[in-house]
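For reference, the structure discussed in these notes is given below.
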Amino acid sequence: SQKIEQNSEALNIQEGKTATLTCNYTNYSPAYLQWYRQDPGRGPVFLLLIRENEKEKRKERLKVTFDTTLKQSLFHITASQPADSATYLCAVEGDKIIFGKGTRLHILP
Amino acid sequence: GAGVSQSPSNKVTEKGKDVELRCDPISGHTALYWYRQSLGQGLEFLIYFQGNSAPDKSGLPSDRFSAERTGGSVSTLTIQRTQQEDSAVYLCASSLVGSRSGYEQYFGPGTRLTVT
């Protein structure tokens with residue numbers, strides 16, 4: 001069956017360092033992969049989309065990579081700030097869109 | 001313009017009662033999605049509407065769940081004979097175009113449903 005796996009444990013990163021989150025998928029060939037941010041009590045907010053023929057995408061302090069051979073995406077936040085603390089969800093999109101459970105990120109001041 | 005809105009924001013109901021949850025998508029968005037999120041869990045897909053096409057109901061957990069989208073805009077998710085395991089946050093999202101298009105989804109704030 002189709003599965004998406006993200007780090008289930010919370011990730012604690014010191015302010016100013018780079019946070020790296022992982023998204024792995026199986027039994028799926030997505031055309032796109034998206035990353036969302038979710039704060040407590042709120043709906044997810046779109047951050048970045050990367051296409052299957054793109055290796056890397058950047059937006060300000062965010063960088064996403066997409067390796068269709070490894071079936072993996074990495075999401076990086078450089079120069080992390082306490083305001084970056086949230087849950088980050090990846091979503092793979094083919095005929096339908098499937099979300100991972102998300103990784104909680106804590107940026108420690 | 002306004003984002004996706006959902007109502008009510010909170011709903012407490014007794015087991016066995018029916019509930020209706022409403023979603024107002026962004027104007028002009030042809031795709032509309034319903035998801036369910038339980039505590040500490042990811043988004044569970046429920047149903048997807050795309051324009052005038054037949055909806056993708058493959059995620060509905062039982063026949064107690066149904067949804068409709070009137071006039072290609074507002075959507076209502078109905079849960080009949082609610083059970084305690086239906087307690088969750090129900091999220092609605094809309095997108096300019098639907099799946100396999102690479103368009104992001106815009107989420108509403110969700111409706112927190114508690115079945116007592």
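Of the strands (runs of 3 or more DSSP E) contained entirely in segment B:45-116, those carrying at least 2 residues that are open to solvent by 50 Å² or more (accessible area, probe 1.4 Å) and away from chain A (no Cβ under 14 Å) fall at B:65-69. Can you spot a residue in segment B:9-30 that is out of contact with any Lys or Arg (no Cβ under 6 Å at 6 or more places or on another chain), among the hydroxyl-bearing types (Ser, Thr, Tyr) and open to solvent by less than 30 Å² (accessible area, probe 1.4 Å)? Yes, there is a match, as at least one residue in segment B:9-30 is out of contact with any Lys or Arg (no Cβ under 6 Å at 6 or more places or on another chain), among the hydroxyl-bearing types (Ser, Thr, Tyr) and open to solvent by less than 30 Å² (accessible area, probe 1.4 Å). Selection of first residues in segment A:5-27 that are of a type in the set (A, V, I, L, M) and of second residues that are open to solvent by 90 Å² or more (accessible area, probe 1.4 Å), restricted to Cβ pairs under 9 Å at least 6 apart or on distinct chains, gives the following pairs, ordered by first then second residue: A:Ala10/A:Arg104; A:Leu11/A:Arg104. Scan segment A:63-77 for residues that are under 10 Å from the mean Cα position of the chain (by Cα) and within 14 Å of chain B (Cβ to nearest Cβ) and jot them down. Residue satisfying the conditions is A:Val64 alone. Filtered by the rule that a residue be part of a strand (DSSP E or B) and among the small types (Gly, Ala, Ser), segment A:42-85 gives a lone residue, A:Ser73.
Any residue that is within 11 Å of chain B (Cβ to nearest Cβ), in contact with a Ser or Thr (Cβ under 8 Å, 6 or more places away or on another chain) and either open to solvent by 80 Å² or more (accessible area, probe 1.4 Å) or of a type outside the set (D, E, K, R) (or both) - is there at least one of those in segment A:51-58? Yes, segment A:51-58 contains a residue that is within 11 Å of chain B (Cβ to nearest Cβ), in contact with a Ser or Thr (Cβ under 8 Å, 6 or more places away or on another chain) and either open to solvent by 80 Å² or more (accessible area, probe 1.4 Å) or of a type outside the set (D, E, K, R) (or both).
Hey, among the residues in segment A:9-50 that are at the interface with chain B (Cβ under 10 Å from one of its Cβ atoms) and among the polar types (S, T, N, Q), which one's surrounded by the fewest Cβ atoms within 10 Å (Cβ to Cβ)? So, considering only residues that are at the interface with chain B (Cβ under 10 Å from one of its Cβ atoms) and among the polar types (S, T, N, Q), the one surrounded by the fewest Cβ atoms within 10 Å (Cβ to Cβ) is A:Gln38. Considered as a group, the residues in segment A:86-102 that are in a loop (DSSP other than H, G, I, E, B) and closer than 15 Å to B:Glu44 by Cβ include one that is nearest to the other protein chains (Cβ to nearest Cβ), and that residue is A:Lys101. Determine, yes or no, whether A:Arg37 is free of Cβ contacts under 8 Å to residues at least 12 places away in the same chain and of a type in the set (D, E, K, R). Against the criterion (free of Cβ contacts under 8 Å to residues at least 12 places away in the same chain and of a type in the set (D, E, K, R)), A:Arg37 does not qualify.
The values are calculated or read from the model by the stated rules, or taken from the named source; none is laboratory data. Keep in mind the model is a prediction, meaning the values are calculated, not measured. So basically every Cβ, Gly included, is an ideal-geometry build from the backbone, and we count neighbours across all protein chains shown. These area figures cover heavy atoms from the full protein model, side chains too; ligands, DNA and RNA do not enter into them. Shrake-Rupley method; radii C 1.70, N 1.55, O 1.52, S 1.80 Å.
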